[in-house]
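Data block below; observations after.
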Amino acid sequence: MRKFLKIIGWTLLTFLILGFGIGIYFYQTDPMIKAMVKNDESKLYYFPLKEMGDMDELVYSENILPVDDSIKIHTYQFKPATGPKGNIFLIHGAGGNVSTYKSLIKPLVDNGFEVYALDWRGYGKSTGVPNYKGVMKDTEVAFKDFLKRNAADSLKTIVYGMSLGGPMAIKITKDNQTKVNALVLDGTVESAQSLAMDYAPADFLRNKIKQTPERFNQDYVGVRDIAEIKNIPKLIIHSRKDRDVPFKRGKNVFEAAKEPKEFWETETEHIMTLKELSDDAIKKINTLIQ
């Protein structure tokens, strides 16, 4: 019996050492696991692309805005062929840069909207490295520029947030309720914490994230902040087939929002509403500002 227990003990120890070794290996070789353990914002949430794609089929102007001494962001104002019927402040998602979203911007421009979009620090031609507080600051600086550029017209203002841009669109709208006429969210993230939980590759990491909300910045939380927006029409879009941000996240944000609001359940890929359901999307946006 003693010999048997000794064998069991050594076997368990071997498996323990092996498991520990495998854990260290994946920690050292998988940047996402290391980022989750260290809560490294720049790698957890942001996937910038520096190279700009071709946007020649769209008419636009480009501008450079200083955010602080070391950060300069690039913004783009896309103009429709005729006089615009509304101004859209667009906040894109975590991947790529403004040019990546050309196919989503084009239906808006083709249907008479002027679209202002920014690249956060580290994206496209913008300098710096993205982080939680920094991208929000970039967005606020760009929104002030957007308002200044459109101060002379009487057109309606729509804030449009996609995916990771959703919580920032909510924060901008919450802080500028007398200047925003409508809010649109497509595939919105609920919070930084929920995003980390959704992408955690192991249960122990997921539980750690769930139990330590203090490890995550709380400056802007979509599901919390949207409850403070009053009297502004809201269109919240989320696909049942969304594999990047779970459907329940969009639903949670919608349920936290005050009226007037509409939830549009789709069957597209993540944030592909404007590309795959262009006509329906334009009709719903037109209704928001009528």
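The values are calculated or read from the model by the stated rules, or taken from the named source; none is laboratory data. Remember, predicted model here, so these are calculated numbers, not experimental data. Note that we place each Cβ from the backbone using ideal geometry, even for glycine, and neighbour counts take in every protein chain shown.
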Inspect segment 262-272 for any residue being hydroxyl-bearing (Ser, Thr, Tyr) and within 25 Å of PRO107 (Cβ to Cβ) and give the result as yes or no.
yes
Looking at THR100, THR139, THR157, which one is outside any loop (DSSP other than H, G, I, E, B), among the β-branched types (Val, Ile, Thr), in the same structural domain as HIS74 (by TED's automatic domain parsing) and closer than 18 Å to GLY86 by Cβ?
THR157
It is to be established whether one or more residues within segment 150-164 are free of Cβ contacts under 8 Å to residues at least 40 places away in the same chain and touching a Phe, Trp or Tyr at 6+ places or on another chain (Cβ under 7 Å).
no
From LYS171, LYS234, grab the single residue that is crowded, with 16+ Cβ neighbours inside 10 Å, touching a Phe, Trp or Tyr at 6+ places or on another chain (Cβ under 7 Å) and assigned by TED's automatic domain parsing to the domain that holds ASN252.
LYS171
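Being under 24 Å from LEU147 (Cβ atoms), crowded, with 19+ Cβ neighbours inside 10 Å, hydrophobic (A, V, I, L, M, F, W, C) and modelled with pLDDT of 95 or more narrows it down to one residue among ILE73, ILE64; which is it?
ILE73
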Residue list for segment 127-144, restricted to those being surrounded by fewer than 18 Cβ atoms within 10 Å (Cβ to Cβ) and over 21 Å from VAL221 (Cβ atoms):
THR127, VAL129, LYS144
Where in segment 205-290 are there helices (runs of 4 or more DSSP H), lying fully within it, with 1 or more residues that are within 22 Å of PHE113 (Cα to Cα)?
273-276, 278-289
